[in-house]
1. Scan (1) modelled with pLDDT under 95; (2) farther than 20 Å from Pro82 by Cα; (3) touching a Phe, Trp or Tyr at 6+ places or on another chain (Cβ under 8 Å) for the single condition Leu158 breaks and write down its number.
2. Tell me which of these His83 doesn't satisfy, since it passes every other one: (1) more than 23 Å from Arg202 (Cα to Cα); (2) at pLDDT below 90; (3) loosely packed, with under 12 Cβ neighbours inside 10 Å; (4) of a type outside the set (A, V, I, L, M).
3. Are any residues in region 184-205 closer than 20 Å to Thr146 by Cβ and surrounded by 13 or more Cβ atoms within 10 Å (Cβ to Cβ), and if so, which ones?
4. Any residue in region 16-29 that is at pLDDT below 90, within 15 Å of the chain's Cα centre (by Cα) and within 26 Å of Arg139 (Cα to Cα)?
5. Only one of (1) within 21 Å of Ser62 (Cα to Cα); (2) under 17 Å from the mean Cα position of the chain (by Cα) fails for Val175. Which number is that?
6. Suppose the filter is closer than 30 Å to Gln184 by Cα, surrounded by fewer than 14 Cβ atoms within 10 Å (Cβ to Cβ) and of a type outside the set (Phe, Trp, Tyr); does Gly103 pass it?
7. Could you say whether any residue in region 61-80 is in contact with a helix residue (DSSP H, G or I) (Cβ under 9 Å, 6 or more places away or on another chain), of a type outside the set (Phe, Trp, Tyr) and outside any loop (DSSP other than H, G, I, E, B)?
8. Which one is surrounded by the fewest Cβ atoms within 10 Å (Cβ to Cβ) among residues in region 166-183 that are modelled with pLDDT of 95 or more and among the polar types (S, T, N, Q)?
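The values are calculated or read from the model by the stated rules, or taken from the named source; none is laboratory data. Model, not experiment: these values are computed from the prediction. Here the Cβ is made from the backbone with ideal geometry for all residues, glycine too, and neighbour counts use every protein chain on show.
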Amino acid sequence: MLDLDSYLKRIGYSGPRTATLETLRALQTQHPLAIPFENLDTLSGRPLALDLPSLERKLVQSRRLTPTAPIEFALDVEQPTPHETFRVVRGSSEHALEANVRGAWKRLYRFDLQEQHQIDIEVLNHYIMTHAESPMRTRLFAARATADRRYGLGNGVLSVHHLHGASEQQRIGDVGELKRVLEQTFGIEAPAGKDVDAALARVLA
């Protein structure tokens with residue numbers, strides 16, 4: 001069972017714990033502000049287990065996992081968030097999540113309503129972690145949201161997107177600088193190991 005107290009402390013949430021839409025929205029707002037996204041394990045060839053104890057260790061103790069956005073499944077309704085406005089658009093056989101980025105709608109991903117079983121998720125996770133053409137194996141990704149900006153890292157390029165403002169980019173020169181950016185900008189301490197150092201050097205080449 002998830003150590004709920006530790007998780008809520010990790011994301012800085014002290015509100016009600018009742019199972020309501022308002023509680024879910026509050027949790028999904030706090031989560032990406034506290035926990036950055038990164039793919040260091042997959043990039044380094046390390047296994048990423050999906051069982052609850054493993055996810056809890058990464059989420060709460062290692063302080064790394066994927067951010068979420070507080071989006072309802074309401075078709076064709078614009079939903080403002082602290083950053084972009086999102087919407088779920090209807091398709092003939094599937095739906096799509098889109099974000100309004102500087103006045104233009106950008107499609108993020110597609111999905112359908114078919115039930116997903118644990119085995120389906122395990123197979124997809126295995127593909128992402130092991131397939132030679134998986135971008136998670138070949139590129140470094142990191143993301144972090146704050147109250148007034150978003151940070152993004154793609155290989156050796158750091159991007160800063162200011163809320164309702166300009167964007168800027170900075171190129172990172174070496175592994176030491178890349179580790180400092182991960183720690184100081186994203187709050188991510190890169191795991192120790194030659195495999196991680198080699199992976200970081202590879203994405204800068």
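1. Every condition holds for Leu158 apart from (1).
2. (3)
3. Thr185, Phe186, Gly187, Ile188, Glu189
4. no
5. It is condition (2) that Val175 fails.
6. Numbers: closer than 30 Å to Gln184 by Cα: no; surrounded by fewer than 14 Cβ atoms within 10 Å (Cβ to Cβ): yes; of a type outside the set (Phe, Trp, Tyr): yes.
No: the conditions fail for Gly103.
7. yes
8. Among them, the one singled out is Gln169.
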